[in-house]
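Sharing a structure below in structure tokens format, with a few things to ask.
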Amino acid sequence: METPFIGAASLLPLSEERPMCSEYGEIIELDPRGTALNIDAVLLIELPLPWPKPVFNHPDLKGLESLIHTSMGTTRVLACQPRGDKKNTAVTVFSKEEANFSKWTFELKNNDSLMELIETLIYSKPEKIDFNKHSEEKKEAVLLCTQGSHDICCGSRGTRLAGLIEEQNSNIDLFKVSHLGGHRFSPTVMTMPDGRMWARLDLETLSSILEKRIKTEQVIKLCRGWTGAAKGPEQIAEIEIFKQIGWELDNQKRDINVNTSDEGWSVEVLIPSEKWQVDITPGRQVPAISCRSEGGLPFTTENEYIVNSVKRTN
């Protein structure tokens, strides 16, 4: 009987090779689509380096996990390198509304205030909390993984991109954060307020995305997905509609329904006054290798997807 790993195993590095996972992902042309987080909010906690692996082993984050449930829904918790010369630690919250994310910043008086704030957020939405906060306009922000203690790819490629941003484009609101997932696609980025995740970005492409001066059809191969959709077929389908409609989709409410069959998935994407159907079937089974280990071992497997048709149905 064929093992479930045979397809992915055929794409592994040679046994004597020790590649970085992001470099090898480019060699075998790993498709990043459908690999984004599916979350309702992001909570960024300023924390000086160095960070342990996992970052939640840090004493200031004791008791926290990468995903928690709050009044905002499923919330991703990330460490963030301190920004500016503020004396007090800041916590930044991005909370999803119908289409995109609102931003709130809270100034902490001391370390004990962090857990007090998080406990408050479990029961109360950010706009209802009086906790040394201020809200901000929905300007573009970049969450960029630079956690070298988690993975060398993010530590090198992510940190290099962060340095270029700081040197060449001071207009970008940059957050250097802990592990976002998907270091095989490093540099890996989440943009706000649209809540999209991206793979393998350089500064020019990132700038063109933020400024909306590039056609979406030219960047969908770098889009991991919209965080408002579930991983896999939902995110794949939403990306296809993103390609069809363009940047204005980011400001529109999207409802996504998936029907599964033996052949694959039929995904219905509903936006105001429009309905789309995307038919998807399984693609390659690919390896997610261990970074800088002999032969990429151990490895896990993931599925890629094939989009067979995209139709507007009304």
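Where residues in the range 224-250 are within 30 Å of Q168 (Cβ to Cβ) and assigned to a helix (DSSP H, G or I), which of them is most open to solvent (accessible area, probe 1.4 Å)?
So the residue we want is E248.
Still on this structure: Across the range 84-123, which residue is surrounded by the fewest Cβ atoms within 10 Å (Cβ to Cβ) among those that are over 26 Å from N38 (Cβ atoms) and among the acidic types (D, E)?
Here the answer is D85.
Now for a different question. Can you name every residue in the range 199-223 that is more than 22 Å from V307 (Cα to Cα), assigned to a helix (DSSP H, G or I) and of a type in the set (V, I, T)?
T205, I209, listed by residue number.
Additional query: Quick one: which strands (runs of 3 or more DSSP E) sit completely within the range 251-314 and have at least 3 residues that are free of Cβ contacts under 8 Å to residues at least 40 places away in the same chain, of a type outside the set (S, T, N, Q) and in contact with a helix residue (DSSP H, G or I) (Cβ under 9 Å, 6 or more places away or on another chain)?
Numbers: elements: 255-260, 265-271, 274-288, 300-312.
Correct list: 265-271.
Continuing with the same structure: Kindly evaluate K221 against the criterion of being touching an Asp or Glu at 6+ places or on another chain (Cβ under 9 Å), under 23 Å from A8 (Cα atoms), in contact (Cβ under 8 Å) with a residue 40 or more places away in the chain and not aromatic (F, W, Y).
Here the answer is yes, as K221 does meet what is asked.
What strands (runs of 3 or more DSSP E) completely inside the range 25-83 contain at least 1 residues that are open to solvent by 30 Å² or more (accessible area, probe 1.4 Å) and hydroxyl-bearing (S, T, Y)? Step through it out loud before you land on a result.
Numbers: elements: 41-46, 67-70, 73-80.
Those strands (runs of 3 or more DSSP E) span 73-80.
Now for a different question. So which residues in the range 125-134 are surrounded by 15 or more Cβ atoms within 10 Å (Cβ to Cβ) and on the phi < 0 side of the Ramachandran plot?
K125, P126, I129, F131, K133
In this structure, does S208 turn out to be free of Cβ contacts under 8 Å to residues at least 60 places away in the same chain, more than 25 Å from E234 (Cα to Cα) and either open to solvent by less than 10 Å² (accessible area, probe 1.4 Å) or in contact with a Lys or Arg (Cβ under 7 Å, 6 or more places away or on another chain) (or both)?
Taking the combined requirement at face value, the residue satisfies it.
Restricting the range 105-121 to residues that are of a type outside the set (A, V, I, L, M) and not in a helix (DSSP H, G or I), which is nearest to V93 (Cα to Cα)?
Filtering the range 105-121 for residues that are of a type outside the set (A, V, I, L, M) and not in a helix (DSSP H, G or I), the one nearest to V93 (Cα to Cα) comes out as T105.
The values are calculated or read from the model by the stated rules, or taken from the named source; none is laboratory data. Please read all numbers here as calculations on a predicted model, not as lab measurements. Please note: Cβ atoms are built from the backbone with ideal geometry, for glycine as well, and neighbour counts cover all protein chains shown. Note: areas computed on protein heavy atoms with side chains; ligands, DNA, RNA excluded. Shrake-Rupley method; radii C 1.70, N 1.55, O 1.52, S 1.80 Å.
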